[in-house]
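K.L.:
Below is the structure I would like to discuss, written out as structure tokens.
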Amino acid sequence: MTTQLPPRPDLGAGALPSGTGTPAHAATLPDGRPKVTWRWWHALLAYLVTNLVIAQGLVGGSIVALTGIDIVAGAADASVLGLTLVTNAVWVAGLVLWLRRSHPGWRAAMGLVPATRRIREFAVSFALGLGLYPVVSIGAALVVGLLLQIVTNRTVEVPQQIETDLSVAGQVAAVGVALIAAPIAEELFFRGVLFRSIRDRHGFWPGALLSSVVFGLGHYVASPWPDAVLLQGVMVFTGVGLCLVYEWRKSLLSCIAAHIAFNAIGIVLILTTA
């Protein structure tokens, strides 16, 4: 006869049994992935606190006050790129701390690829990112740019995001931001946290469109407003493309790899045409 053990007193509602990464009661998506346990307003509040208040406000603001870095001049120079590396690292640390403390099981929900498949998954998704670049930078930019030209009756062009005459240190910082800091921080939040918070409850397209609009708004560069809107519009399409990669491959690593590939083309063009 099998004796049924009583429930463990240290496991309350929603607690994690030892050795698991997902709450036993967590609902699942049709494809078997656990649904995320945070909602869209949790995501935006986390963005406000971890990025705007702590990373940008406290840490970034303190560095700017001490060094006098000009953060509103438009295209980023070496000092702004270095500052971005620091603030993105703080942002990621804040997000991970919040997820670990408030939402155990987030790693399983976001989709972590087993070690034996990571190289293959990275390679496949990197190729997807390479394909995404011309679709967005040529196709979407032409469509959005044409609409803005009709509305404003002026030539519209994507504003310069990074200075072209960077020092060696500035070039290293630019590569670090483009290939490490931005893909990890932005994919963790915009796809892993914000997109999933909407997608898991309301479907793919509401999640993709709403999270991508926020993603686009976050890519403002000081410039004439039609140029700034053109860049933001292109980034909205980029965000949707990265959501599609995430939806297809079902792993946060996939959209990080695609984002790295997308940025790699851009940073090579910037540094080689300087």
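K.L.:
Mind ranking ARG196, ARG101, ARG117 by accessible surface for me, highest first, 1.4 Å probe?
P.N.:
Result of the area sort, largest leading: ARG101, ARG117, ARG196.
K.L.:
Per residue of segment 34-47, what does 6.51 cos²θ - 1.76 cosθ + 1.60 with θ = phi - 60° give for ³J(HN,Hα)? Whole Hz please, x for Gly and Pro, Karplus curve as stated.
P.N.:
Computed from phi, the couplings for segment 34-47 are x, 6, 5, 9, 10, 10, 4, 6, 4, 4, 5, 5, 4, 4 Hz.
K.L.:
Find how much the distance from HIS202 to ILE69 grows on full extension, using 0.36 nm per residue of separation minus their present alpha carbon separation; answer in nm with one decimal.
P.N.:
Working: separation 133, 0.36 × 133 = 47.88 nm, distance 4.21 nm.
Extra length available between HIS202 and ILE69 comes to 43.7 nm.
K.L.:
Under 5 Å between amide H atoms, partner at least 5 residues away or on a different chain: which partners does ILE162 have, H built in plane at 1.01 Å?
P.N.:
When sequence neighbours closer than 5 places are left aside, the close amide H contacts are ALA76.
K.L.:
How large is the translational diffusion coefficient of segment 30-89 in µm² per second when you combine the Kirkwood radius over alpha carbon pairs with Stokes-Einstein at 20 °C and 1.002 mPa s?
P.N.:
Working: Rh = 13.5 Å.
Answer, rounded: 159 µm²/s.
K.L.:
Per the 1.4 Å probe, what fraction of the accessible area of segment 31-96, in percent, lies on carbon and sulfur atoms?
P.N.:
Values: 2360 of 3300 Å².
Within segment 31-96, the accessible surface is 71 percent carbon and sulfur.
K.L.:
For the chain, report the accessible area per residue in Å² (1.4 Å probe, heavy atoms, rounded to an integer). Walk me through the numbers on the way to the answer.
P.N.:
Values: 14280 Å² over 274 residues.
Value returned for the chain: 52 Å² of accessible area per residue.
K.L.:
Compare the peptides 144-156, 170-182, 228-240 by average per-residue count of other Cβ atoms within 10 angstrom and give them in order, highest first. Could you put the intermediate results ahead of the total?
P.N.:
Values: 144-156: 14.2, 170-182: 19.2, 228-240: 21.6.
The most tightly packed comes first, giving 228-240, 170-182, 144-156.
K.L.:
Each residue of segment 149-156 in turn: what ³J(HN,Hα) in whole Hz from Karplus with 6.51, -1.76, 1.60 and θ = phi - 60°, glycine and Pro shown as x?
P.N.:
Whole-Hz 3J(HN,Hα) from phi for segment 149-156: 5, 5, 6, 9, 6, 8, 5, 10.
K.L.:
In Å and whole numbers, how far do the C-alpha atoms of the chain stretch along each principal axis, longest first?
P.N.:
Result, largest extent first: 81, 43, 36 Å.
K.L.:
Calculated from DSSP H runs of 4 or more alone, at -39500 (n - 2.57) each and per residue, what is the 222 nm mean residue ellipticity of the chain, nearest 500? Show your work: numbers first, answer last.
P.N.:
Details: 12 runs with 155 residues, N = 274.
Taking each H run of at least 4 residues, the total per residue is -18000 deg cm²/dmol.
The values are calculated or read from the model by the stated rules, or taken from the named source; none is laboratory data. Because the structure is a prediction, the values reported are computed rather than measured. For neighbour counting, all protein chains shown are included, and Cβ atoms are generated from backbone atoms with ideal geometry for every residue, glycine included. Heavy atoms of the whole protein, side chains included, go into the accessibility calculation; ligands, DNA and RNA do not. Shrake-Rupley method; radii C 1.70, N 1.55, O 1.52, S 1.80 Å.
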